[in-house]
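In what follows, a structure is listed as structure tokens, so that the remarks can point back to it.
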Amino acid sequence: MSQYDYDLFTIGGGSGGVRASRFAAQHGARVAIAEAQYWGGTCVNVGCIPKKLMSYSAHYHEDFSDAAGFGWSVPPARLDWRALVAAKDTEIGRLNGIYRKLLDGARVAMFEGHAVIEDAHTVRVNGKVHTAAHILVATGGRPSLPAIPGKELGITSDEFFHLSALPKRTVVLGGGYIAVELASILNGLGSEVTLIYRGKTLLRGMDSELGNFLAEEMRKKGMTILFENNVEAIGVGGSGGKQVQLSDGTEITVDCVLFATGRHANTAGLGLEQVGVGLQENGAVRVDENFCTAVPSIHAIGDVIDRVALTPVALAEGMVVAARLFKEGARTLSYANIPTAVFSHPQVATVGLSEDEARKQGTALRIFKSEFKALKHTMSGNTERTFMKLVVDAASDRVLGVHMVGAEAGEIVQGFAVALECGATKAQFDTTIGIHPTSAEEFVTMRTPVA
């Protein structure tokens, strides 16, 4: 490989690209990486991290209210939006620096600028040419905008984290995890939120009962949710507001329209098609089971291949590529039983098959469900309820899916993901001693399947 400048040149300094580059370097490869915008990618800068930080902040208004039920007298609280954004930006800056240090510590050469692939072994960044035995594309995705007149008057999740002020009234368009998360954050911080979705239930692709239960809980928290509706056009309203025309004929005047209508692969301008790399209709890179494109020396991982758009999945894919190319003995990756959480209010978490997915496989099932008010809220006065569900193979007794809506759902379901990966049965759930009193213990105390 000495005929090239590097053994691996990675395009994209997000989670997947950085992980692949570091591990390749640790395996002895000479590695370079180029990033056109910000180190850490979407997750660190305009995704997972700032979203979770702002979700924490948005929960405090309920916490202050809940405290009264436990004897606390809390004076009227006031949000300082600029202070919140500044604190968030400080933490993001710290994480940007950590990513740089990780790459520097692994002796990975870093370039800041837009990279273009010129042939199977050549990348140009800022006018300078670099050659590599292997090229890895890890450029992630970006928000998609609907074809709506006046769409330029709206924003996406990218801009949300840098708003100069909290909008008093907001329309959020979409029904997926980004939509419900940002709607929950805005509502918790004090914005009057209307969530508009063309479908019949939230969180399409997850167990349908999760989306139905979440919608009712979000409404209880003061959000307006309009199903089977859409935004037809956006115009300028009075006092700088936005006039939003809906498909049902009504109009809403708001201060902000936030599009959460999906994401698409960030492949434009990389030169992929010119060198023979195949793209899907949505622009995502076509790869085989080894993350290799139609050009043997060019590989791709993460959101840009449009398989499972989750940061931990991109990390795992990066490690697979690094091991396959530069270490004896290849790693493997299974897309089964990938846990995920939605940081809405309340949270949603899931791992394994939904009931619908399991039934489509022709599996005879036993379904266990539980809905209850958490112990905390027996005194807080908060009306929030928790929902849990187990999907069990009736023949083998194996637990196929674990699903939850409720406080700390992500923290709870992570542990059960290990159980599913190990092939746990319902009988093993039943013999597990619960931690009392917790919400999590309900998963090991459900005994009677639903009819």
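The values are calculated or read from the model by the stated rules, or taken from the named source; none is laboratory data. From a predicted model like this one, the values you see are computed outputs, not experimental measurements. Cβ: placed from backbone, ideal geometry, glycine included. Neighbour counts: every protein chain shown. Side chains included, ligands, DNA and RNA excluded: accessible areas come from the protein's heavy atoms. Shrake-Rupley method; radii C 1.70, N 1.55, O 1.52, S 1.80 Å.
Scan the stretch 401-434 for residues that are closer than 17 Å to SER370 by Cα and of a type outside the set (Phe, Trp, Tyr) and report the count.
14
Restricting to the stretch 423-444, name every residue that is in contact (Cβ under 8 Å) with a residue 60 or more places away in the chain and either surrounded by 12 or more Cβ atoms within 10 Å (Cβ to Cβ) or small (Gly, Ala, Ser) (or both). Give the derivation first.
At the first step, the residues of the stretch 423-444 found to be in contact (Cβ under 8 Å) with a residue 60 or more places away in the chain are 426, 437, 439, 442.
Selection gives LYS426, SER439, GLU442.
Count, please, the residues in the stretch 249-287 that happen to be of a type in the set (A, V, I, L, M) and over 16 Å from ALA233 (Cα atoms).
Number satisfying all stated conditions: 10.
What number of residues in the stretch 388-412 are open to solvent by 10 Å² or more (accessible area, probe 1.4 Å), among the small types (Gly, Ala, Ser) and over 23 Å from LYS221 (Cα atoms)?
Count: 3.
Please return the ranges of helices (runs of 4 or more DSSP H) entirely within the stretch 263-380 where 3 or more residues are hydrophobic (A, V, I, L, M, F, W, C), surrounded by 17 or more Cβ atoms within 10 Å (Cβ to Cβ) and touching a residue at least 12 places away in the same chain (Cβ under 8 Å).
In the stretch 263-380, the matching helices (runs of 4 or more DSSP H) lie at 311-326.
Which members of the stretch 387-411 meet the condition of being touching a strand residue (DSSP E or B) at 6+ places or on another chain (Cβ under 6 Å) and either in a helix (DSSP H, G or I) or under 27 Å from LYS52 (Cβ atoms) (or both)? Even if it seems obvious, please write down each step before you answer.
Looking only at the stretch 387-411, we keep the residues that are touching a strand residue (DSSP E or B) at 6+ places or on another chain (Cβ under 6 Å), and these are 387-394, 397-406, 409-410.
Result: PHE387, MET388, LYS389, LEU390, GLY401, VAL402, HIS403, MET404, VAL405, GLY406, ALA409, GLY410.
Among the candidates MET223, MET206, MET218, which residue alone is open to solvent by less than 20 Å² (accessible area, probe 1.4 Å) and within 23 Å of VAL402 (Cα to Cα)?
None of the others qualify; the one that does is MET218.
Against the definition (assigned to a helix (DSSP H, G or I), in contact with a Cys (Cβ under 9 Å, 6 or more places away or on another chain) and within 29 Å of ILE92 (Cβ to Cβ)), how does LEU186 come out, yes or no? First the steps, then the outcome.
On the way: assigned to a helix (DSSP H, G or I): yes; in contact with a Cys (Cβ under 9 Å, 6 or more places away or on another chain): yes; within 29 Å of ILE92 (Cβ to Cβ): yes.
Yes.
Go through the stretch 104-123 and give me each residue that's farther than 24 Å from HIS27 by Cα and either over 31 Å from the mean Cα position of the chain (by Cα) or of a type in the set (Ser, Thr, Tyr) (or both).
Selection gives GLU118, ASP119.
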